[in-house]
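The values are calculated or read from the model by the stated rules, or taken from the named source; none is laboratory data. It should be emphasised that the depicted structure is a prediction, and the values quoted were computed from it without experimental measurement. Here the Cβ positions follow ideal geometry from the backbone for every residue, glycine too, while neighbour counts run over all protein chains shown.
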Amino acid sequence: MFRLIGVLWFALLGANSALAHPHIWVDVQYQAVVDMPAIETLNATWSWDVFTSLSLLEAYDENADGKFTGNERAQLLEGLQNLKKDDYFVQLKVADETLKPASVTISDLGMKDKMLWMTLKVTLPAPVNLETTKLTMAFGDPEYYFAMVPLEVGLLELSGSLAESCTPMEQDAKELGIETWVALSCQP
């Protein structure tokens, strides 16, 4: 059975940089739990736009129950693996130097209010001590097929026993496909 329709071909199979305007909008946010000065994982959430979400639901929800379960979920996760080659558009810097994550994986997904949401686990290649080093993060598709839009409450949500000693500083991005960077550091 043909699993993808029009817009999804580009979304899941990659886009040509000549098409440099967004076709899919995703609301994004990082979550950092700061219980110790050094962190080695972040969580992130994506909420896909309604049009794309409903298109994916139509393509993968074989029993039309409005959810991705069993084989439907497995097939959708398999289709989304194409985004893994781009680390799900996770952009990181440590001390202003680009940092490639050790891994980015989808830890959960589902439908809520007609929107596909995903939770990602981002593992850093080594712990980053936020008391001595700045960790900067963003989401961005360099081909700008996906518009990665930070939530209105901010690109970063902090929690944990040391969260109050940390300062997230947002700054506008200059790179195509990245709207905002947020730099995180903590006081000793």
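Observations on the structure shown:
- Residue within region 65-72 that is assigned to a helix (DSSP H, G or I) and not polar (S, T, N, Q) present: yes
- Exactly one residue out of ALA11, ALA15 is part of a loop (DSSP other than H, G, I, E, B) and modelled with pLDDT under 55: that is ALA15.
- For region 158-180, the set of residues classified as closer than 21 Å to ALA38 by Cβ and not hydroxyl-bearing (Ser, Thr, Tyr) consists of LEU158, GLY160, LEU162, ALA163, GLU164, CYS166, PRO168, MET169, listed by residue number.
- Highlighted here are the strands (runs of 3 or more DSSP E) found entirely within region 78-118 that include at least 2 residues which are out of contact with any strand residue (DSSP E or B) (no Cβ under 6 Å at 6 or more places or on another chain) and at pLDDT 95 or above: 97-99, 103-112.
- Listed by position, the strands (runs of 3 or more DSSP E) inside region 132-178 whose residues that are out of contact with any helix residue (DSSP H, G or I) (no Cβ under 9 Å at 6 or more places or on another chain), polar (S, T, N, Q) and farther than 24 Å from LEU83 by Cα number at least 2 are 166-172.
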